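Heads up, the thing below is written out as structure tokens.
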Amino acid sequence: MITADQFNQRGAHNLPGHLGIVITQITAQEVHAEMVVTASLMAPNGFLHAGSVVTLADTSAGCGCLATLPEGAIGFTTIELKSNHLGTAREGTITCVAKPVHLGKTTQVWDSVVTHRDTGKTMALFRCTQMVLYGKA
């Protein structure tokens, strides 16, 4: 299973690293991640951009998928996602916990909950489906 440090190193020069997403824990049952709210993550209206929140949730779920790929799989890709945004932030740190709903041979479904660490309020509920990829025969 991939470790949090390995995933963070892998994503350091990609979108997760660019946005400051840090995976703090990976198990087969859940993934924990966090992201500090900075000016570069804001929408023009001065609030945290919804895309920043979705990226944290999708990255967390994707990390979980990567850690639980079935034998013989070479990777995955997100094929569907949905988010409900219940709040926003202007500062602080937001956290995410992603948990598997379905771990199949061809698809996985993950739920993520994004919370504002400082207030404890739930900011977003997220569900995504990943297609498991296998190499060509």
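The values are calculated or read from the model by the stated rules, or taken from the named source; none is laboratory data. Every value quoted in this text rests on a predicted model; they were computed, and no experiment measured them. Reconstructed Cβ throughout: ideal geometry from the backbone, glycine too, with neighbour counts over all protein chains shown. With ligands, DNA and RNA removed, areas are computed over all heavy atoms of the protein, side chains included. Shrake-Rupley method; radii C 1.70, N 1.55, O 1.52, S 1.80 Å.
Quick rundown of the values:
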{"item": "Length released on extending from A50 to K99, taking residue separation times 0.36 nm less the Cα-Cα span", "result": "15.6 nm"}
{"item": "Volume of the Cα convex hull of the chain, divided per residue and given in Å³", "result": "106"}
{"item": "Neighbour count of at most 12 Cβ within 10 Å plus DSSP loop: longest GluC sites (Glu not before Pro)-free window in the chain", "result": "1-70"}
{"item": "Anchor K82: lysines whose Cα lies under 21 Å away (excluding residues fewer than 8 positions away in-chain)", "result": "K99, K121"}
{"item": "Inter-label distance, nm, simple model (7 Å from Cα along the C-beta direction), K121/A12", "result": "3.6"}
{"item": "Per residue accessible area of the chain, 1.4 Å probe, in Å²", "result": "54"}
{"item": "Hits among lysines - C-alpha to C-alpha of K105 under 18 Å, sequence gap 8 or more where chains match", "result": "K136"}
{"item": "Acute angle (nearest 10 degrees) that the helix 50-67 long axis makes with the longest principal axis of the chain, alpha-carbon atoms", "result": "30"}
{"item": "More than 15 Å apart - percent of Cα-Cα pairs taken over region 45-121", "result": "57"}
{"item": "Residue-wise HN-Hα coupling along region 22-29, computed from phi with Karplus coefficients 6.51, -1.76, 1.60 (Hz; x: Gly, Pro)", "result": "10, 7, 9, 7, 10, 9, 5, 9"}
{"item": "Apportionment of accessible area to carbon and sulfur, region 3-132, percent (1.4 Å)", "result": "54"}
